[in-house]
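Okay, structure first, notes after.
The values are calculated or read from the model by the stated rules, or taken from the named source; none is laboratory data. Just so it is clear, the model here is predicted, and its values are computed rather than measured. Note that each Cβ is placed from the backbone with ideal geometry, even for glycine, and that neighbours are counted across all protein chains shown. Note: areas computed on protein heavy atoms with side chains; ligands, DNA, RNA excluded. Shrake-Rupley method; radii C 1.70, N 1.55, O 1.52, S 1.80 Å.
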Amino acid sequence: MLKIRLKRLGAKKAPTYRVIVINSTTKREGKPVEELGYYNPKTKEMKLNKEHALEWIKKGAQPTDTVKYLIANCNDDGSLNYKKSEKVKLSKKALAKKAEAEAKAAEEAKAAEEAAKAAAEAEAAPAEEAPAEEAAPEA
């Protein structure tokens with residue numbers, strides 16, 4: 001069975017990978033059937049022959065999870081369409097402060113809503129009593 005996987009190259013703590021088609025029983029650094037491209041995770045630089053990769057998948061080669069991701073996020077020219085995560089990670093203290101502030105804001109909004117509701121009821125009550133007072137002197 002053929003697999004499409006990454007072959008590690010580069011120095012210690014500075015990996016670069018080649019995307020290769022290889023027999024599943026062969027070791028990671030073994031001789032590939034075909035080299036499809038390369039990927040540098042540090043710089044997010046990639047060059048991949050997407051057409052050949054999809055061709056091998058049609059023939060029955062199984063891509064690894066990482067290679068599936070790379071093929072899915074690959075442009076037509078073979079470069080990586082990398083979207084940098086804009087999620088801001090907060091510390092536990094900062095998360096607690098944020099949750100406390102949101103709870104306080106929700107409480108204030110609820111109090112303001114109740115005050116507005118009470119004011120609306122207060123305006124409606126005298127309007128109902130006024131006709132009753134006017135009716136009493138006429139009788």
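Taken over region 90-121, the criterion of being under 27 Å from the mean Cα position of the chain (by Cα) and of a type in the set (Asp, Glu) is satisfied by Glu100, Glu102. Assuming Lys117 fulfils every condition listed in (1) open to solvent by 100 Å² or more (accessible area, probe 1.4 Å); (2) at pLDDT 75 or above; (3) not in a helix (DSSP H, G or I) apart from one, which condition is it? Every condition holds for Lys117 apart from (3).
A single entry from Val88, Val21, Val67 fulfils the requirement of being hydrophobic (A, V, I, L, M, F, W, C) and open to solvent by 100 Å² or more (accessible area, probe 1.4 Å): Val88.
When each of Thr66, Thr16, Thr25 is tested for being outside any strand (DSSP E or B), without any contact (Cβ under 8 Å) to a residue 40 or more places away in the chain, over 15 Å from Gly78 (Cβ atoms) and not basic (Lys, Arg), the lone residue that passes is Thr25.
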